[in-house]
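In what follows, a structure is listed as structure tokens, so that the remarks can point back to it.
The values are calculated or read from the model by the stated rules, or taken from the named source; none is laboratory data. This is a predicted model, so every value here is computed, not measured. A quick note on method: Cβ atoms are made from the backbone with ideal geometry, for glycine too, and the neighbour counts reach across all protein chains shown.
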Amino acid sequence: MQLAYTGTGRFGAHDKLRAMRILLATTNRGKVAELRQIMSGKGVELIGLSDSETTEPIETGETFSENALLKANHYYRKSGLPTIADDSGLEVEALKGAPGVHSSRYAGVGADDGARVSKLLEALRDLPNHRRRARFVCAAAIVWGGGQKVVLDEAQGVILQKPRGHNGFGYDPVFLYEPLNKSFAELTASEKAEVSHRGRAFRRLAAWMGQPGVLDTPSSTDRIVTTAD
């Protein structure tokens, strides 16, 4: 069973109707590619923002969930399409949860991934492994004509002493996923989709979206529903 967009701002469950077209509120090409991998086979046509757009001025929330909903609501109003957005980041125990919601701006506005990673490694310089515990957190949200929904998930790991691997983006080269003994940047796309914070959060969101009728009827109970394991 696949969900199909009816053109009315709601969705219905149908076997043969066209895939629903959903806007992904990001300009990050790596993130779009990751989420297309995660959502493949779900009856979804996922499109990203143009490179001229930016989500940074919208990210004024104090939590990942707030930022995800701010972005999804903004681009739903702007496009009229059902809109998915996520906000994700790295929380390091030794840094009291930093960089957190400021992960993309950790080394300043306009800094690239290399600069952010370098600043993080400098902040943790000489700390032993047991003090380098960290987690990636992702809030995944969808806003449509009938309401909004956000889910949370995470991936636990350790910050490496130096980068490893050439895949992924952001802090992936220094985030060690211990069960596989690989950094996120050493994982294949399918491996990362299976174990990452983003993969977990969006699989949960996709599973919720796939329930028959769940997006059909506006309800006061589905205006903001935040769930986490």
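Of the residues Pro173, Pro179, which is within 20 Å of the chain's Cα centre (by Cα), at negative phi, surrounded by fewer than 23 Cβ atoms within 10 Å (Cβ to Cβ) and not in a loop (DSSP other than H, G, I, E, B)?
Sole residue among the options that is within 20 Å of the chain's Cα centre (by Cα), at negative phi, surrounded by fewer than 23 Cβ atoms within 10 Å (Cβ to Cβ) and not in a loop (DSSP other than H, G, I, E, B): Pro173.
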Problem set entry | The lone exception for Leu90 - which of (1) farther than 30 Å from Met209 by Cα; (2) at pLDDT 95 or above it fails | (1)
Exercise. Among the residues of segment 71-89, is any free of Cβ contacts under 8 Å to residues at least 60 places away in the same chain and among the acidic types (Asp, Glu)?
Worked result: yes
For this session: Restrict the check to segment 93-111 and report whether at least one residue is under 21 Å from Gly199 (Cβ atoms) and over 20 Å from the mean Cα position of the chain (by Cα).
Result: no
Problem set entry | Members of segment 40-57 that are at pLDDT 75 or above, under 27 Å from Ala207 (Cα atoms) and not in a loop (DSSP other than H, G, I, E, B) | Glu45, Leu46, Ile47, Gly48
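Do you know which residues across segment 130-147 are farther than 17 Å from Leu24 by Cα and either hydrophobic (A, V, I, L, M, F, W, C) or not in a helix (DSSP H, G or I) (or both)?
Arg132, Arg133, Ala134, Arg135, Phe136, Val137, Gly146
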Problem set entry | Pairs where the first residue, in segment 160-172, is under 18 Å from Glu93 (Cα atoms) and the second is surrounded by 16 or more Cβ atoms within 10 Å (Cβ to Cβ) and of a type outside the set (A, V, I, L, M), C-beta under 6 Å, 6+ apart | Asp172/Phe184
For this session: Restrict the check to segment 180-201 and report whether at least one residue is among the β-branched types (Val, Ile, Thr), out of contact with any Cys (no Cβ under 9 Å at 6 or more places or on another chain) and without any contact (Cβ under 8 Å) to a residue 24 or more places away in the chain.
Result: yes
For this session: Kindly indicate whether any position in segment 88-110 is surrounded by 23 or more Cβ atoms within 10 Å (Cβ to Cβ), touching a strand residue (DSSP E or B) at 6+ places or on another chain (Cβ under 8 Å) and of a type outside the set (A, V, I, L, M, F, W, C).
Result: yes
